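*Asks:* I'd like to ask some things about the structure below.
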Amino acid sequence: MSEKQIQEAARLIVDSPSTVALTGAGISTESGIPDFRGPDGLWTKVDPMKFASVDAFLSDPKAWWETAVQIAPTLLDAKPNAAHKGLAKLEKMGLLQCIITQNVDGLHQRSGSQHVLEVHGNLVNAVCIVCNDRVGRQYIERKIKKKQLPPTCPTCGGILKLDAVLFGEALPQDVYRQAVTVAGNCRLMIVVGSSLTVYPAASLPSIATQTGARLIIVNQEQTPFDAEADLVFHSIAGATLTTIVEAVHALRGKR
Ligand code: NAD
């Protein structure tokens, strides 16, 4: 990443009346959470169809929960890193309206970001597959401690599933609709740590650019949207966001 690119990114952020970030698994790898498609990706270790599909869940909810109990703590006990904190700082400075995240780890909220749309749900809560009621992490942890798997709904007795979207499930429509609206209304979108290959979330940068928004991509590897972007950083998210936020501070100080 060159100094010129950093200065240009800072200028785009400071001059934009409405900025939205779109984040993916790559923003959380520096917190120790493997991504899906990178060289150390989760799916080189766990078969997604055996765990992350709704068919796998429905065919054996007990076995699914036993795997979830092994995997979920890696995500839920992780700490926000410099990239999450950089976006939280931009929001505090009034320069970032919203984060749309494909992640289910809750790290944006834990780094202080207030406006977060989780288009793939989260692993923090669980949802009843019968009555749709939601329960919090403490309830689930009590059930896990008592080895009552799969946990059941306190309201109707139905089976509970973690509130993350599995392959074969629809996205939460209300949240995705809001994401489309903020993408369509923003003047700048900053993508951080996403391969931009998982749809429909990967269509959000196009929704933004079609209405004239500028696009910055921060991702270690190339993405199919690099050619559409005003600026592309093929670099580590934490260091890149830290440097950009410092440049934003400096630029604001000068004006
Ligand atoms: P992805 O795995 O398809 O892509 C991640 C991208 O991030 C890769 O292109 C990789 O090169 C890049 N990357 C990895 N570490 C990086 C770093 N430190 N700095 C910059 N770039 C880095 O992820 P995706 O696009 O989010 O889509 C896959 C699905 O993965 C999403 O649906 C998401 O729900 C799910 N997922 C979430 C988590 C999480 O919640 N942390 C973890 C794994 C997968």
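The values are calculated or read from the model by the stated rules, or taken from the named source; none is laboratory data. This structure is a prediction, so every number in the text was calculated from the model and none was measured. Glycine gets a Cβ as well: all are built from the backbone with ideal geometry, and neighbour counts include every protein chain shown.
*Asks:* Could you tell me which of the residues 248, 182, 192 is within 16 Å of the ligand (Cβ to nearest atom), assigned by TED's automatic domain parsing to the domain that holds residue 12 and either in contact (Cβ under 8 Å) with a residue 12 or more places away in the chain or under 16 Å from residue 25 (Cβ atoms) (or both)?
*Replies:* Selected residue: 192, the only one of 248, 182, 192 that is within 16 Å of the ligand (Cβ to nearest atom), assigned by TED's automatic domain parsing to the domain that holds residue 12 and either in contact (Cβ under 8 Å) with a residue 12 or more places away in the chain or under 16 Å from residue 25 (Cβ atoms) (or both).
*Asks:* Determine which member of the set 237, 201 is under 17 Å from residue 20 (Cα atoms), modelled with pLDDT under 95 and within 12 Å of the ligand (Cβ to nearest atom).
*Replies:* Every option except 201 fails the conditions.
*Asks:* Something else now. Determine if segment 88-100 includes at least one residue that is farther than 22 Å from residue 138 by Cβ, touching an Asp or Glu at 6+ places or on another chain (Cβ under 7 Å) and surrounded by 19 or more Cβ atoms within 10 Å (Cβ to Cβ).
*Replies:* no
*Asks:* Only one of 14, 104, 116 is under 24 Å from residue 215 (Cβ atoms) and either under 14 Å from the mean Cα position of the chain (by Cα) or among the basic types (Lys, Arg) (or both); which?
*Replies:* Result of the check over 14, 104, 116: 116.
*Asks:* Residues in segment 57-65: is at least one surrounded by fewer than 17 Cβ atoms within 10 Å (Cβ to Cβ), outside any loop (DSSP other than H, G, I, E, B) and within 12 Å of the ligand (Cβ to nearest atom)?
*Replies:* No, segment 57-65 has no match at all.
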